[in-house]
Amino acid sequence: MRVLVIHGANLNLLGVRDPGVYGTQTLAEIDAALVALGAELGIQVACAQYNGEGAIVDALHAARGAYDGAIVNPGAYSHYSYAIADAIAAIGIPVIEVHLSNIAAREEFRRRSVTAAAAHGTIGGFGADSYALGLRAMAKILEK
Ligand code: DQA
């Protein structure tokens, strides 16, 4: 099984960006932990980060046929990108949306995710563990 993890805008700055909200782990550390967890679960994990909306759409399209599932944190695009929502809905593989922070408990504009509506499910509020929980949930989906 192959799973692609897509990190969206500004997530390359994890570790230095608002650590009180997003934690102190860097993106490289999160990715390494996901690859290791994937090995335990029998899943080959690939990770990528893009700041551009179009690049995320392209990565989702490329995942079709190449991966069995995708885990996506679109960052702020979650709140308004119908293009990413459409791409998630179009690719025909399960997509789980994750957020480090609990977006439901944050500023008004972060409380709604338009991309989550297209995803299989959403996990948020657990810091870097949101990704690990997302990968475990994906393993269950792919088992079936
Ligand atoms: C985020 C939440 C978004 O509102 C924010 O713009 C991010 C990170 C999260 O993982 O908690 O960049 O997606």
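The values are calculated or read from the model by the stated rules, or taken from the named source; none is laboratory data. What you see is a predicted model, and the numbers here were worked out from it, not measured in a lab. Here Cβ is always computed from backbone atoms with ideal geometry, including for glycine, and neighbour counts include all displayed protein chains. Calculation scope for accessible area: heavy atoms of the full protein, side chains included, ligands and nucleic acids excluded. Shrake-Rupley method; radii C 1.70, N 1.55, O 1.52, S 1.80 Å.
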Being at pLDDT 95 or above and surrounded by fewer than 16 Cβ atoms within 10 Å (Cβ to Cβ) narrows Glu53, Glu97, Glu107 down to just Glu107
Would the range 13-35 turn up any residue that is open to solvent by less than 60 Å² (accessible area, probe 1.4 Å), over 18 Å from Arg136 (Cα atoms), among the β-branched types (Val, Ile, Thr) and in contact (Cβ under 8 Å) with a residue 40 or more places away in the chain?
yes
